[in-house]
Amino acid sequence: MTNASATESHPGRPMKIYGKVGCSRAYAIRDFLHRNDVPFEWIELKTDDQCRAIGVEPTEDLRTPVCVFPDGTRMECPTVRQIIDKLGWFHDPLLAEYDLAIYGGGPAGLSAAVYAASEGLKTVLIERWAIGGQAGSSPKIENYLGFPTGISGADLAERAREQAKKFGAEILLAREGVRGEFTTAKRVGYLADGTKIIARAALCATGIEYRKLGLENEDKFYGQGVYYGAGASEAELCEGEHVFMIGGGNSAGQASMHFAKYAKKVTVVVRGKALKDTLSRYLVDRIMATKNMEVLTETEVTALHGGRVLESITLKNKRTGAEQTCPTKWLFVCIGGDPRTEWAAEVGIVRDDLGYLVTGPDLVRDGKAPKGWPLNRSPYFLETNVPGMFEAGDVRHGSVKRCASAVGEGAMSVMFVHRYLAEG
Ligand SMILES: Cc1cc2nc3c(=O)[nH]c(=O)nc-3n(C[C@H](O)[C@H](O)[C@H](O)COP(=O)(O)OP(=O)(O)OC[C@H]3O[C@@H](n4cnc5c(N)ncnc54)[C@H](O)[C@@H]3O)c2cc1C
């Protein structure tokens with residue numbers, strides 16, 4: 001990041017996190033650091049003596065986790081925002097106006113930032129959590145061009161961040177775009193903390209948000225037994241445990257293979273009749289050949305049980321109706337997601353029935369530009385029905401939902417941004 005971080009100033013010494021298992025605050029910190037490729041050491045507080053040694057009474061749950069930075073700074077139960085501050089990564093926008101404001105720091109947004117900044121556009125990227133998006137939670141992306149042995153999503157994202165910074169893109173982390181306001185010449189974005197971003201053109205690359213199971217207690221157990229996405233930061237913590245992975249897509253398949261390296265057993269739970277219907281052949285073969293993995297087809301999770309943390313789940317076979325309760329502290333939900341684009345509806349941006357943003361040729365009906373379109377030309381391929389407002393990646397109607405295509409669209413969007421800006 002721009003400023004030397006506490007970790008960077010003490011190379012080789014990772015930050016230490018002391019905490020209890022099943023603590024959602026500790027999970028948020030681990031997830032954030034892992035996605036941003038910041039080295040850390042997790043030390044589980046298992047005994048009362050361990051708690052006291054780090055300066056907290058065993059009953060004082062709200063004082064953990066304790067984070068100790070390489071420079072010796074100690075923080076009790078910090079928020080992720082406080083950690084970002086300490087790392088020197090939190091700052092206000094440097095410019096009063098940008099050529100391009102990009103919302104979302106997944107593969108599409110990062111790619112747009114690299115191309116825009118390298119081509120001389122004053123570029124800011126706003127990311128609500130950590131760079132990398134969905135890809136950032138993946139332990140290994142094996143089909144991204146140029147990495148024949150695969151690359152972790154966090155590593156890929158960190159490389160892209162470095163590249164974007166090198167070309168001069170500004171990156172604002174832990175900031176969420178919540179509202180837009182468009183005039184003829186300006187795209188104004190309002191962030192959740194009240195910050196206003198003014199730009200001549202804007203790109204929405206906000207991807208999708210993980211879908212939930214819709215079960216009672218699901219929110220309560222989030223970070224305390226229930227996790228979404230591939231959970232790459234958690235795999236090493238699952239040593240000797242029984243892990244359940246819900247989902248039959250490639251992302252769930254890859255993630256379960258990763259967990260199988262650490263866990264005693266990994267159970268993949270899918271609603272369909274066969275894993276091969278939803279998973280690439282090479283992953284099906286690998287899962288079938290892995291001794292500590294099992295696949296339960298035509299099965300759903302129907303209930304979550306526990307006190308403060310998840311203790312067990314109920315599984316129901318859809319065909320026979322048979323139910324079983326399985327003890328576990330680790331349930332990973334990797335069943336796709338939905339776009340969060342309510343802000344777009346408020347400003348009249350066309351969305352499809354599922355909330356994906358419609359662009360370019362998909363806006364044109366019977367050769368006619370969309371209603372209210374003010375220009376003599378049709379919307380560019382990645383442009384919405386608001387001139388100068390572009391979309392790329394998974395959030396776009398008809399997108400392919402792959403890393404490479406998100407990266408491609410991010411790059412391509414910049415060409416259209418140039419054309420739009422040249423129109424004056
Ligand atoms: C576990 C997993 C493994 C995968 N593995 C592969 C793989 O091996 N190969 C492959 O090709 N594809 C893979 N995919 C799919 C691939 O990761 C996605 O297609 C890709 O990440 C889409 O990129 P994106 O930039 O469009 O969106 P996302 O990756 O979803 O990124 C969107 C970003 O926008 C941010 N954001 C959202 N709303 C706001 C807001 N209001 N303000 C600011 N920021 C916001 C989010 O925090 C997020 O960082 C995988 C997906 C998952 C979940």
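The values are calculated or read from the model by the stated rules, or taken from the named source; none is laboratory data. Keep in mind that this is a model prediction, so the values were computed, not measured. All Cβ positions, even for glycine, are placed from backbone atoms using ideal geometry, and neighbour counts span all protein chains on display. These area figures cover heavy atoms from the full protein model, side chains too; ligands, DNA and RNA do not enter into them. Shrake-Rupley method; radii C 1.70, N 1.55, O 1.52, S 1.80 Å.
Quick look at the values:
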| read-out | value |
| --- | --- |
| Relative pair counts by distance (%), Cα atoms of the stretch 37-131, 5 Å bins | 2, 10, 16, 16, 14, 10, 9, 8, 6, 5, 2, 0 |
| Per-selection metrics, the stretch 242-326 (Cα): Rg and Dmax in Å | 12.8, 39 |
| Order by protection proxy (mean Cβ within 10 Å, highest first), peptides 271-283, 392-404 | 392-404, 271-283 |
| Top positive-direction residue, dipole computed over the chain with Cβ charges, set HIS305, GLY253, LEU237 | GLY253 |
| Relative packing of 26-32, 56-62, which averages over residues the other C-beta atoms within 10 Å, highest first | 26-32, 56-62 |
| Antiparallel %, DSSP beta bridges [both residues in the chain], to 5 | 45 percent |
| Dipole magnitude (debye, nearest 20) for the chain, charges at Cβ of Lys, Arg, Asp, Glu | 640 debye |
| Calculated diffusion of the stretch 305-424, Stokes-Einstein form, Kirkwood radius summed over Cα pairs, 25 °C and 0.890 mPa s, µm²/s | 140 µm²/s |
| Extent along principal axes [Cα atoms of the stretch 242-385; Å; largest to smallest] | 63, 38, 31 |
| The stretch 82-170, accessible area per residue, ligands and nucleic acids excluded (1.4 Å, Å²) | 39 Å² |
| Heavy-atom accessible surface of the stretch 113-187: percent carbon and sulfur, 1.4 Å | 50 percent |
| For the stretch 365-407, Kirkwood radius (reciprocal of mean inverse C-alpha pair distance, Å) | 11.7 Å |
| Of the DSSP H helices in the chain, those whose Cα atoms cover at least 24 Å axially and whose Kyte score averages 0.0 or more | 403-422 |
| Span from the the stretch 155-215 Cα centroid across to the the stretch 356-419 one, whole angstrom | 17 Å |
| Heavy-atom accessible area per residue - the stretch 216-368, 1.4 Å, Å² | 48 Å² |
| All lysines inside 18 Å of LYS329 as judged from Cα atoms, apart from same-chain residues fewer than 8 positions distant | LYS20, LYS46, LYS212, LYS220, LYS261, LYS264, LYS265 |
| Accessible surface of SER24 - all protein chains present, 1.4 Å probe, nearest 10 Å² | 40 Å² |
| Other-chain or far-sequence residues with amide H under 5 Å of LEU125's (modelled H) | ILE102, GLU170, ILE171, LEU172 |
| Kirkwood Rh, Cα atoms: Rg over Rh of the stretch 108-225 | 1.03 |
| Accessible-area composition of the stretch 258-313, carbon plus sulfur, in percent [1.4 Å probe] | 50 percent |
| The chain, relative contact order [Cα under 8 Å, separation at least 6], % | 15 percent |
| Carbon and sulfur %, accessible surface of the stretch 357-424 computed with the full protein complex present, 1.4 Å | 55 percent |
| Proportion of all alpha-carbon pairs of the chain beyond 39 Å (%) | 24 percent |
